[in-house]
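Colleague: The structure is given below, and queries will be raised subsequently.
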Amino acid sequence: MANAYELTRDELAELLTGEPKYRVDQVWTALWEQDRFPEEITTISKPLRAKLAEALPTTLEVANDVSTDEGTTRKWVYRLHDGATIETVLMNYEDRVTVCISTQAGCAMACSFCATGQAGFNRQLSIGEVIEQVVRAGREAAPRRVSNIVFMGMGEPLANYDVTVGTIRALHEQRGLSARNLTVSTVGIAPAIERLAKEGLPLTLAVSLHVANDEERDQLVPINKRYNLERLYQACDTWISETGRRLSFEWALISGVNDTDKAMHELAEYARPLNAHVNLIPLNPTPGYLVVGSTAQRVREFRDGLEELGVNATVRRTRGRTIDAACGQLANVTNGKRRSIPVR
Ligand code: SAH
């Protein structure tokens, strides 16, 4: 089922055959710059609106809408046409408006501390389903404009490669978002990182590292058994040399697991030669993982320790915990089944 955001301008023109030429621009602008759904494009006639709405139906239905942080963080659960559910988070900051989007319903990566991974994989999203999340968040953020998009919702973006790349291209070209403001977070699918490096795309890459020795990473982040730390390192190196950009490592701090001095030194050794930035995330609670996050004091010590070891590190401010909207808490998968899917 196509929706408006899966259409090229030429395909839209075809749909508007018989109309004056400027209609294409008019509709395109309404869809991409004004975040209007076809039935709301009041600059065109009612019958034409109806025709477009029928040809280009929206694909997300709001199943739940919750907010926290004094209304600045909002989370939607959407039901898709087949009943699958996904989640999107909108974060209003003083200087930016960030939307966190899902690329899959569920996730097959099975990271033990992540609620999405605990629930299992349901299905891939289409480009239209991904972009509509941005459009809907944009409608709610208005009059502020969405300035940043992070591919950090449900799913592994690089396991839905074509959709992720197509979405980035569309957001960059149609919404004018720049590289600095588009961030893809990956669990570390090495060949896909290398492929992405060669796309010439404007984006920032974040790699969910969490542990920097194979034995423990195999446990926490099972994809490590397929692409171990050495293989991942190669891919990160390729990313940097091909794109000329820095990358960042995400590290969810888990008490007694990866917040020890030993873990800090392993991380520093891994990150330093790549000149990678480390983004520390205090662990958010999830139902299936009973280990707790590091204390605030340990988080600070860990950051300071990394800095002393010559690694640039910052702590991600946690948002949305009370509505299960924080990192690793998106899990509203009603019919998630764990099964493996091919990974490039
Ligand atoms: N699959 C991608 C995209 C998910 S992004 C990836 O793994 O990067 C979500 C980020 O939150 C990732 O860095 C993930 O490792 C992190 N995360 C998962 N569970 C978490 C938790 N319980 N607390 C804090 N961060 C978590």
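Colleague: Just to be sure before I move on: is Asn312 touching a Leu at 6+ places or on another chain (Cβ under 9 Å), within 12 Å of the ligand (Cβ to nearest atom) and modelled with pLDDT of 95 or more in the structure I sent?
Modeller: Here the answer is no, as Asn312 does not meet what is asked.
Colleague: Scan the range 178-190 for residues that are more than 10 Å from the ligand (Cβ to nearest atom) and open to solvent by 10 Å² or more (accessible area, probe 1.4 Å) and jot them down.
Modeller: Within the range 178-190, Ser178, Ala179, Arg180, Asn181 meet the criteria.
Colleague: Since Ala115 meets every condition but one in (1) modelled with pLDDT under 95; (2) on the phi > 0 side of the Ramachandran plot, which condition does it not meet?
Modeller: (2)
Colleague: Taking the stated definitions as given, is Ala212 out of contact with any Cys (no Cβ under 7 Å at 6 or more places or on another chain), open to solvent by less than 10 Å² (accessible area, probe 1.4 Å) and small (Gly, Ala, Ser)?
Modeller: Spelling it out, it is not the case that Ala212 is out of contact with any Cys (no Cβ under 7 Å at 6 or more places or on another chain), open to solvent by less than 10 Å² (accessible area, probe 1.4 Å) and small (Gly, Ala, Ser).
Colleague: So, Thr167, is that one among the polar types (S, T, N, Q), within 15 Å of the ligand (Cβ to nearest atom) and either assigned to a strand (DSSP E or B) or free of Cβ contacts under 8 Å to residues at least 12 places away in the same chain (or both) or not?
Modeller: no
Colleague: Examine the range 50-72 for a residue that is open to solvent by less than 40 Å² (accessible area, probe 1.4 Å), among the β-branched types (Val, Ile, Thr) and in contact (Cβ under 8 Å) with a residue 60 or more places away in the chain, and state whether such a residue exists.
Modeller: Yes; the residues of the range 50-72 include at least one that is open to solvent by less than 40 Å² (accessible area, probe 1.4 Å), among the β-branched types (Val, Ile, Thr) and in contact (Cβ under 8 Å) with a residue 60 or more places away in the chain.
Colleague: Next up: Would a scan of the range 92-109 turn up a residue that is over 27 Å from Leu56 (Cα atoms), of a type in the set (Gly, Ala, Ser) and either in a helix (DSSP H, G or I) or not assigned by TED's automatic domain parsing to the domain that holds Ile223 (or both)?
Modeller: The answer is no; no qualifying residue exists.
Colleague: For Val89, all conditions in the list (1) within 16 Å of the ligand (Cβ to nearest atom); (2) over 19 Å from Val184 (Cβ atoms) hold save one; what is the number of the exception?
Modeller: Single failed check for Val89: (2).
Colleague: Let me ask something additional. Give Arg175, Arg226, Arg231, Arg136 a once-over and let me know the one that is over 25 Å from Leu253 (Cα atoms), open to solvent by 20 Å² or more (accessible area, probe 1.4 Å), modelled with pLDDT of 95 or more and away from the ligand (no atom under 11 Å from the Cβ).
Modeller: Arg136
Colleague: Against the conditions (1) within 12 Å of the ligand (Cβ to nearest atom); (2) touching an Asp or Glu at 6+ places or on another chain (Cβ under 8 Å); (3) not charged (D, E, K, R), where does Leu274 fall short? Just the number, please.
Modeller: The failed condition is (1).
Colleague: Hey, can you tell me all the residues within the range 86-98 that are β-branched (Val, Ile, Thr) and surrounded by fewer than 24 Cβ atoms within 10 Å (Cβ to Cβ)?
Modeller: Val97, Thr98
Colleague: Across the range 191-202, which residue is farthest from Arg226 (Cα to Cα) among those that are outside any loop (DSSP other than H, G, I, E, B) and open to solvent by 10 Å² or more (accessible area, probe 1.4 Å)?
Modeller: Selected residue: Arg195.
Colleague: If you go through the range 59-68 one residue at a time, do you hit one that is away from the ligand (no atom under 16 Å from the Cβ), in a strand (DSSP E or B) and acidic (Asp, Glu)?
Modeller: Yes - at least one qualifying residue is present in the range 59-68.
Colleague: Looking at (1) within 12 Å of the ligand (Cβ to nearest atom); (2) surrounded by 22 or more Cβ atoms within 10 Å (Cβ to Cβ); (3) part of a loop (DSSP other than H, G, I, E, B); (4) not charged (D, E, K, R), which one does Ser112 not meet, given that it meets all the others?
Modeller: Against the list (1) within 12 Å of the ligand (Cβ to nearest atom); (2) surrounded by 22 or more Cβ atoms within 10 Å (Cβ to Cβ); (3) part of a loop (DSSP other than H, G, I, E, B); (4) not charged (D, E, K, R), Ser112 comes up short only on (2).
Colleague: Taking the residues in the range 1-19 that are surrounded by 17 or more Cβ atoms within 10 Å (Cβ to Cβ) and outside any helix (DSSP H, G or I) as candidates, determine which candidate is farthest from the chain's Cα centre (by Cα).
Modeller: Among them, the one singled out is Leu16.
Colleague: State all residues of the range 20-40 that are farther than 14 Å from Asp10 by Cβ and either outside any helix (DSSP H, G or I) or aromatic (Phe, Trp, Tyr) (or both); if no residue qualifies, say none.
Modeller: Pro20, Tyr22, Trp32, Glu33, Gln34, Asp35, Arg36, Phe37
Colleague: Looking at Val134, Val150, Val146, Val130, which is the one that is hydrophobic (A, V, I, L, M, F, W, C) and part of a strand (DSSP E or B)?
Modeller: Val150
The values are calculated or read from the model by the stated rules, or taken from the named source; none is laboratory data. Note that the structure is a prediction, hence the values are computed from the model and not measured. Glycine gets a Cβ as well: all are built from the backbone with ideal geometry, and neighbour counts include every protein chain shown. With ligands, DNA and RNA removed, areas are computed over all heavy atoms of the protein, side chains included. Shrake-Rupley method; radii C 1.70, N 1.55, O 1.52, S 1.80 Å.
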